[in-house]
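The values are calculated or read from the model by the stated rules, or taken from the named source; none is laboratory data. These figures come from a predicted structure and were not determined experimentally. Here the Cβ positions follow ideal geometry from the backbone for every residue, glycine too, while neighbour counts run over all protein chains shown.
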Amino acid sequence: MRGHRPTAERQPRSGMGGAVSWRGTIFGQPYSKANSRKLVTIKGRPAFIKSDKARGYAADVARQVRPLAHLLDGDLKFTATLFYASRRPDLDPSVLLDALQGRVFKNDRQIRVIHVTHAIDKRNPRAEIVIEPIPMVVA
């Protein structure tokens with residue numbers, strides 16, 4: 001996003017047992033996928049797509065997050081604080097998860113635990129994120 005400083009992204013880090021996690025900050029206003037659909041016609045058929053703002057945010061994420069050489073695999077926990085410019089936007093990490101797919105992890109279906117907090121920072125909207133593996137439990 002123009003006018004924003006580059007991401008404070010950090011490379012993957014090994015945690016307990018050598019498992020890799022990812023931490024990063026993505027600058028810009030997160031947008032909701034659920035409340036910002038746009039009706040278009042594709043090959044003569046109506047379809048709903050992400051809004052221009054949601055697609056723009058996904059493009060901002062792509063510019064700020066370099067794809068990892070080895071994407072995180074297995075079941076993952078997504079923890080984030082989404083800083084919005086106001087109280088108005090809904091708390092919705094779905095566009096962010098879509099945008100991180102293929103850059104940090106293979107598929108957003110790997111996300112099995114989501115902890116997301118809505119916060120306000122009028123001057124610096126952003127997403128502060130930690131993605132880490134979920135230990136495998138054998139019953």
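List of remarks:
- Residues that are out of contact with any Gly (no Cβ under 8 Å at 6 or more places or on another chain) and either within 17 Å of GLU128 (Cβ to Cβ) or free of Cβ contacts under 8 Å to residues at least 40 places away in the same chain (or both), drawn from the range 65-80: ALA69, ASP73, LEU76, LYS77, PHE78, THR79, ALA80
- The set of residues from the range 81-120 being touching a residue at least 24 places away in the same chain (Cβ under 8 Å) and over 17 Å from SER32 (Cα atoms) comprises GLY102, ARG103, VAL104, PHE105, LYS106, GLN110, ILE111, ARG112, VAL113.
- Number of positions in the range 90-139 that are within 16 Å of GLY28 (Cβ to Cβ) and of a type in the set (Val, Ile, Thr): 3
- Just one of the listed residues (ARG23, ARG103, ARG87) is over 25 Å from ILE134 (Cα atoms) and at pLDDT 90 or above, namely ARG87.
- Scan of the range 80-106 for residues that are surrounded by fewer than 12 Cβ atoms within 10 Å (Cβ to Cβ) and touching a strand residue (DSSP E or B) at 6+ places or on another chain (Cβ under 8 Å), ordered by number: SER86, ARG87
A quick yes/no check of all residues on (1) surrounded by 13 or more Cβ atoms within 10 Å (Cβ to Cβ); (2) closer than 23 Å to ASN107 by Cβ; (3) at pLDDT below 60; (4) touching a helix residue (DSSP H, G or I) at 6+ places or on another chain (Cβ under 8 Å):
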position: ARG2; (1), (2), (3), (4): no, no, yes, no
position: THR7; (1), (2), (3), (4): yes, yes, yes, yes
position: ARG10; (1), (2), (3), (4): no, yes, yes, no
position: GLY28; (1), (2), (3), (4): yes, no, no, yes
position: VAL40; (1), (2), (3), (4): no, no, yes, no
position: ARG45; (1), (2), (3), (4): no, no, no, no
position: PHE48; (1), (2), (3), (4): no, yes, no, no
position: ALA58; (1), (2), (3), (4): yes, yes, no, yes
position: VAL61; (1), (2), (3), (4): yes, yes, no, yes
